[in-house]
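As structure tokens, the structure follows; a few thoughts come after it.
Laboratory data are not the source of any read-out in this text; all were calculated from the coordinates shown. Everything numeric here is computed off the predicted structure, so don't read it as measured data. Cβ atoms come from the backbone with ideal geometry, glycine included; neighbour counts cover every protein chain shown.
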Amino acid sequence: MKKAELIAKAAATSSDLAKAASQKGLTPTQIDLALKSLTTALQEAVAAGERVDLPGLGVFERKTRAARTGRNPQTGDAMAVAAKNVPIVRLAKAFKDAVAAGV
């Protein structure tokens with residue numbers, strides 16, 4: 001599902017998000033802005049090394065991968081792979097269970 005489809009679904013369905021949005025009088029544009037704000041805040045927090053726990057969804061955090069020696073798959077030559085930070089997402093059990101049940 002693309003972002004636009006998610007926004008349209010949130011504005012049109014009887015989900016908790018849509019109910020909250022309609023009670024607050026939020027338009028699809030405002031829902032889009034809220035989603036962008038959440039995404040930006042999440043990215044900034046994880047990039048700063050903070051752990052973000054969203055109950056019912058999961059945990060977002062940053063992990064540092066150590067430098068290592070890799071191989072060029074075409075030539076087989078050894079090459080240095082630099083250390084880097086990568087995002088890690090661990091989904092909540094409730095989220096996994098809902099997906100498994102087809103909810």
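Summary table
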{"read-out": "Protection proxy ranking, peptides 54-60, 81-87, 70-76, average beta carbon neighbours within 10 Å, highest first", "value": "54-60, 81-87, 70-76"}
{"read-out": "For region 50-103, fraction of C-alpha pairs farther apart than 18 Å, in %", "value": "57"}
{"read-out": "Karplus-derived 3J(HN,Hα), 6.51/-1.76/1.60, for each residue of region 72-77, Hz, glycine and proline x", "value": "6, x, 7, 9, x, 5"}
